[in-house]
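The values are calculated or read from the model by the stated rules, or taken from the named source; none is laboratory data. The model shown is predicted, which means the values in this text are computed figures rather than measured ones. We place every Cβ from the backbone using ideal geometry, glycine too, and count neighbours over all the protein chains shown. Surface accessibility is based on the protein's heavy atoms, side chains included, excluding ligands, DNA and RNA. Shrake-Rupley method; radii C 1.70, N 1.55, O 1.52, S 1.80 Å.
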Amino acid sequence: MDIAIVGGGAAAVGLLDALAAGDGAGTIRVFEPSPQLWRGRPYGPDLDSVLVNVPPALMSIRHGDFGHYAAWLGERGSEHLDPLLGKPLVPRALYGDYLAFTAEKAMAVLSERGWLVEIVAAHVTEVVRSQDGLLVRTQDAQEHRATHVALCVGGGTPPDLYGLAGQPGFVVDPYPLADTLDRVATGNDVTIIGSGLTAVDVVVSLAARGHRGRIALLSRSGVLPHVWQRPVDRRPEHVTVERVAALHQAQGNVTLDDLIGLLRAELADAGEDFAEFTAELFSTATEDPVQRLRRQIAAIDDPRIGRRVLQQTAHTVGPYAWRLLSESDRARLRRHLRTAVSVVSPMVPVNASVLMRLLDAGQLVIERVDGRFAASEIVINAVNPSPQAVPTAAQPLVRSLVDAGLATLHPSGGLVPADPRVHVIGDLTGGGSFVTSSIPGVAAQASRTAQALRTGRTG
Ligand SMILES: Cc1cc2nc3c(=O)[nH]c(=O)nc-3n(C[C@H](O)[C@H](O)[C@H](O)COP(=O)(O)OP(=O)(O)OC[C@H]3O[C@@H](n4cnc5c(N)ncnc54)[C@H](O)[C@@H]3O)c2cc1C
């Protein structure tokens, strides 16, 4: 078997790790042009204030082993403890070291088992059919034979919604923040477009550098991410892949009301009021974001499990359940997109406290935007691409796969393999939900892909 893995970020690490756990032999080539091998867009070198957004149990790149990352972190975790969360939250660059360690270990194990593993520092431009398999072509005009291809190319780059590219003081892509904030003087008036997790990264990093100027978060919804609560030692028993699969088998379909029923059962077991829980969720879009942030910081220790269940299962059960829903149920969920994204991609408490302090001091303001806004010395784009957007770096490659009939574009975005030799992991996977893929989601997909590669089934 000759496997070509296109892209060398977290998804590729998860795939190598899962392949190393099984049998088989042949060659594996990982194509990654960036010097930040294994780190992808999020986990390269940056400021120490750019933290992972998720507690350790949800940052394991090994599917099914929640403690894998925490075990690697070990004692170092105590240097990065978020006192409100009671768990370590490390700089994203340090998490990148974990990915690099895991990849190197997997490559060593694979080599011992007889695999030939090679890194090709080149950009893949095409995958085409050859007489006896597939051909992977790179920008430097090299060709590599493959029997299988796994696309791990990540998500798109930030869209310039207001056509500001080229304007003085405008930054279209904020990462790495170490470079972006080097251009910002401490007294500058800074406008950040967006109010999601990237905007939070920018605000927190400005604060860490002692910024004194006004900071405005400009957003159409004015909704901030929710705040993570302290993890509790309780795993969902109803909202699980197994329960959803059983419903699917029994009924031949799964509805949104079925999923709501599972959540309702989860809360009932814990003695929690479902109506109160949903009323709190639905007020996200209308409540004053500052009041809400204050209330959520006060609720970090609240033992109720409702939000915790949603936040965990949206990334583990969600991608599977989404594909089983009817289009009308998906449309029903999409109507609550801002609320859903805010709940399932929350900010870490240490960052929430920084935002609260700046909001209380009047240095940070949240403004609604309707397409026009006042000029500012610095404008930083913190708008993320929609999941399933094709990354610019992968556009020729995607076109070649579609032209060769090896994959098709999904009507709602992303790529769907049309040949059992082609696999897609991560945001590019066609037909996914509006939630960006996270480490547990990518790890689960990588594990399924490794299984499919071993057994010859489609991924
Ligand atoms: C800023 C940011 C912060 C995040 N923080 C978290 C977090 O804390 N926790 C969490 O769970 N999730 C987080 N995420 C979600 C994130 O998408 C996943 O955690 C993970 O990085 C996805 O891995 P990936 O391998 O799919 O993509 P990436 O990590 O982006 O890697 C894709 C790789 O593919 C390469 N590539 C693209 N096109 C080609 C080509 N044509 N040829 C060869 N190589 C190519 C790129 O160079 C890149 O290295 C974050 C996302 C972002 C953008």
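If you stretched the chain out fully between D182 and D302, how much longer would it get, using 0.36 nm times the residue separation minus the C-alpha to C-alpha distance?
Full extension from D182 to D302 adds 39.3 nm.
Run the dipole for the chain about the Cα centre, Lys and Arg Cβ at +1, Asp and Glu Cβ at -1, nothing else charged, and hand back the magnitude in debye, nearest 20.
400
When only DSSP loop residues count, what chymotrypsin sites (Phe, Trp or Tyr not before Pro) in region 1-53 have their Cβ near at most 15 other Cβ atoms within 10 Å?
Passing sites in region 1-53 do not exist.
Can you list residues from other chains, or at least 5 along the same chain, whose modelled amide H is less than 5 Å from the amide H of I28?
Residues meeting the criterion, in which the H sits 1.01 Å from N, are I3, L116, V117, E118.
Please get the size of the charge dipole for region 241-344, origin at its Cα centre, with Cβ charges of +1 on Lys and Arg and -1 on Asp and Glu, quoted in debye to the nearest 20.
That gives region 241-344 a dipole magnitude of about 440 debye.
For V172, what charge total do you get from the other residues with a beta carbon under 15 Å from its beta carbon, if Lys and Arg give +1 and Asp and Glu give -1?
That sum, taken over residues with Cβ under 15 Å, equals -1.
Multiplying the sequence separation of R145 and T392 by 0.36 nm and subtracting their Cα-Cα distance, what value in nm do you get?
So the extension gain works out to 86.5 nm.
Distance from a point 7 Å along Cα→Cβ of A265 to each backbone N in region 210-240: keep the residues under 15 Å and list them by number.
Residues 236-240 fall inside that zone.
Going by average Cβ neighbours within 10 Å, how do the peptides 313-323, 98-108, 426-436 rank, with the highest at the top?
426-436, 313-323, 98-108
Report, in whole Å, the centroid distance computed from the Cα atoms of region 139-164 and region 398-439.
About 12 Å separates the Cα centre of region 139-164 from the one of region 398-439.
Write out the trypsin sites (Lys or Arg not before Pro) in region 392-459 meeting two conditions: DSSP loop, and at most 14 other Cβ atoms within 10 Å of their Cβ.
R457
Mind checking the angle between helix 439-455 and the chain's longest principal axis? C-alpha axes, 0 to 90 degrees, to the nearest 10.
Between the helix axis and the principal axis of the chain, the angle is about 10 degrees.
Let me have the 222 nm mean residue ellipticity of the chain computed from DSSP H runs of 4+ only, each contributing -39500 (n - 2.57), with the sum over all residues rounded to the nearest 500.
Roughly -11500 deg cm²/dmol at 222 nm, from the helical runs in the chain.
Taking 0.36 nm per residue of sequence separation and subtracting the Cα-Cα distance, how much length would be gained by fully extending the chain between D288 and D273, in nm to one decimal?
Full extension from D288 to D273 adds 3.0 nm.
Take every DSSP beta bridge with both residues inside region 110-243 and express the antiparallel ones as a percent of the total, to the nearest 5.
Rounded to the nearest five, the antiparallel share is 70 percent.
State the antiparallel share, in %, of DSSP beta bridges confined to the chain, rounding to the nearest 5.
Counting only bridges with both partners in the chain, antiparallel ones make up about 30 percent.
So how do 144-150, 408-414 stack up, highest first, on mean other-Cβ count within 10 Å?
Output ranking for 144-150, 408-414: 144-150, 408-414.
Let me check something: with ligands and nucleic acids excluded, how do Y175, Y95 order by accessible area (1.4 Å probe), largest to smallest?
Y175, Y95
For the chain, with the dipole built from +1 on Lys and Arg beta-carbon atoms and -1 on Asp and Glu ones, taken about the Cα centre, which of V344, V127, A103 lies farthest toward the positive end?
V344
Determine the shape class of region 241-344: with a ≥ b ≥ c the square roots of the Cα gyration tensor eigenvalues, call it rounded for a/c under 1.5, and otherwise prolate if a/b is greater than b/c, oblate otherwise.
Prolate.
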